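What follows is one structure encoded as structure tokens, with my remarks underneath.
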Amino acid sequence: MKIAKSQNSVCRLCKKEAKLCNSHILPEFFYLDLYEEKHRTLQIAKEGEKIIQKGIREYLLCQQCETKLSEYEKYAKELINEIPNFSRDDNLGVLYSENVNYAKFKLFQLSLLWRSAISAHVAFSQIDLGPHEEKIRRMLDDKNPGKASEYGCMLSLIPNTELINNIIQSPTRFTKKLFGHTAFKFPIGNLTWVFIVSSHKLSPWMRELFLQESGMLRVMISRRDESSEIMKLGQILQGFGRSF
Ligand SMILES: [Zn+2]
């Protein structure tokens, strides 16, 4: 449900009355290039009201919940930076690590999805989780990462990128179902996060691509390259009558 809240209100996560923090919807670290001083960040919303924008914020969480989620973010930031150093399986076309903290990274993934769902900002308008929104809120509030098959996320990486590392596109819902499941896509820099939000039975290959309770995380190496992504973005921006 997308409801705008005033500053002193009810925390959307713990549901307690509190002074709310002006929270980022997507974690701040996604907007920072570690290797560049001059930050270039584009936020592209299909509606086109504002296509270039740095971190979007809203009053959503109390300080306690903000701190809780920031612990997962801290872990996720370190892990994401490590992805290029993961082991490589060329047969499967994946990078992988067997040492991922399941609870922390899964709760991070859930927080990404959930915060986008509760945001009232137009850039997140396609993320509507229906009854799953409340289920995920409870999981986050209880620090319960759930099973690997619940709200799993498949990650893919576009290798050898420079230009798109700081480009954050609005998350979208797959117009057709993805192999029979409702799915949402978050293209964030050179990583794409695809969440499966479904109560139906998942095929085994799909489950294998989710973060595993054992600590196994596979990241698909995308066959797309940076130039085709830039072309695609160029077309979107041209649609708004702007140059890129
Ligand atoms: Zn709270």
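The values are calculated or read from the model by the stated rules, or taken from the named source; none is laboratory data. All values derive from a computational prediction rather than experimental measurement. Ideal geometry is used to build each Cβ from the backbone, glycine not excepted, and the neighbour counts take in all protein chains shown. Side chains included, ligands, DNA and RNA excluded: accessible areas come from the protein's heavy atoms. Shrake-Rupley method; radii C 1.70, N 1.55, O 1.52, S 1.80 Å.
Values as computed for the structure displayed
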read-out	value
Inter-probe distance in nm under a simple model that places probes 7 Å from Cα toward Cβ, at THR175 and ASN81	3.9 nm
Cross-link pairs beyond the 25 Å C-alpha cut-off, checked among LYS68/LYS147; LYS135/LYS177; LYS16/LYS135; LYS77/LYS177; LYS74/LYS176	LYS77/LYS177; LYS74/LYS176
Accessible area, probe 1.4 Å, largest first, for residues ARG138, ARG12, ARG115, ARG207	ARG138, ARG207, ARG12, ARG115
Estimated FRET transfer efficiency when R0 is 25 angstrom, pair HIS200-ASP142 (beta carbons, to 0.05)	0.55
Segment SER214-TYR102, length gained on full extension (0.36 nm per residue, minus Cα span)	39.6 nm
Simple spin-label estimate for ASN22 and ARG224 in nanometres, 7 Å along Cα-Cβ	3.3 nm
